[in-house]
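Below is the structure I would like to discuss, written out as structure tokens.
The values are calculated or read from the model by the stated rules, or taken from the named source; none is laboratory data. This structure is a prediction, so every number in the text was calculated from the model and none was measured. So basically every Cβ, Gly included, is an ideal-geometry build from the backbone, and we count neighbours across all protein chains shown.
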Amino acid sequence: MAEADVDAVAAVRVRGWQAAYRGLMPPAYLDAMSVAEDAGRRREWFARRRPEVWELVAERDGEVVGWLTAGPSRDADLAPGEGELAKARPPAAELMALYVAPSLIGTGIGRALLEAGTDRARARGFGALYLWVVRGNARAQRFYERAGFMPDGAEQADDVAGWRVPELRYRRPLP
């Protein structure tokens, strides 16, 4: 991803949220999402991003149609340990976001981004890849299960505009 991709990535992300989370998050919250506001946040993130985090875009005919971001684990139980624990358990990478333009879901773009992100994690020495999926997002759950991810039993919930939004953690080893 380059800085010039920020506006297009924001559009993919916002439209992706609005499509994927309809019925799982408050409709007013989803309807109020702004591509321009998201692009502003993306620009700030892009300017201060850490070098160990990677962002990839998928393009079709020169247009950004998908986006992935990943990096070292933010979950304490999957982060690298110290001493002997670090040797016994290779660190996990977190897939923080993967979105495809809603009209192009099912065309292989998400799979290609996931493969590229997985290859990057493996090349950086990560032993596993994990992500969080909103409970009830059946399409995403099927997608990740087909790619070898399985729920690992961890759950969390966020508050989104007064709605409790539960998430399940999915994980897969990177042999």
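Restricting to segment 36-61, name every residue that is surrounded by 18 or more Cβ atoms within 10 Å (Cβ to Cβ), within 15 Å of residue 116 (Cβ to Cβ) and of a type in the set (Asp, Glu).
55
While we're here: Is at least one residue of segment 143-150 assigned to a strand (DSSP E or B) and either within 14 Å of the chain's Cα centre (by Cα) or over 14 Å from residue 93 (Cβ atoms) (or both)?
yes
One line per residue, one yes/no per condition, for (1) surrounded by 14 or more Cβ atoms within 10 Å (Cβ to Cβ); (2) among the polar types (S, T, N, Q):
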site: 73; (1), (2): yes, yes
site: 76; (1), (2): no, no
site: 100; (1), (2): yes, no
site: 131; (1), (2): yes, no
site: 147; (1), (2): yes, no
site: 155; (1), (2): no, no
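Each row is one residue, and each column tells you yes or no for (1) touching a helix residue (DSSP H, G or I) at 6+ places or on another chain (Cβ under 6 Å); (2) at pLDDT below 95.
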position: 101; (1), (2): yes, no
position: 105; (1), (2): no, no
position: 115; (1), (2): no, no
position: 121; (1), (2): no, no
position: 131; (1), (2): no, no
position: 135; (1), (2): no, no
position: 155; (1), (2): no, no
position: 162; (1), (2): no, yes
position: 169; (1), (2): no, no
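Confirm whether residue 125 is in a loop (DSSP other than H, G, I, E, B), modelled with pLDDT of 95 or more and farther than 23 Å from residue 14 by Cβ.
no
Take segment 121-140 and flag every residue that is more than 11 Å from residue 167 (Cα to Cα) and within 14 Å of the chain's Cα centre (by Cα).
121, 129, 130, 140
Restricting to segment 1-50, count the residues that are in contact with a Leu (Cβ under 9 Å, 6 or more places away or on another chain) and either without any contact (Cβ under 8 Å) to a residue 12 or more places away in the chain or of a type in the set (S, T, N, Q) (or both).
The number of residues fulfilling the criteria is 2.
Something else now. May I ask you to list the residues in segment 107-150 that are within 15 Å of residue 97 (Cα to Cα), without any contact (Cβ under 8 Å) to a residue 40 or more places away in the chain and among the small types (Gly, Ala, Ser)?
none
Right, another one. Sort out which residues of segment 128-142 are assigned to a helix (DSSP H, G or I) and among the basic types (Lys, Arg), and write them in order of number.
Selection gives 139, 142.
Identify all residues within segment 125-163 that are over 22 Å from residue 105 (Cβ atoms) and among the polar types (S, T, N, Q); write none if there are none.
156 - this is the single residue of segment 125-163 that is over 22 Å from residue 105 (Cβ atoms) and among the polar types (S, T, N, Q).
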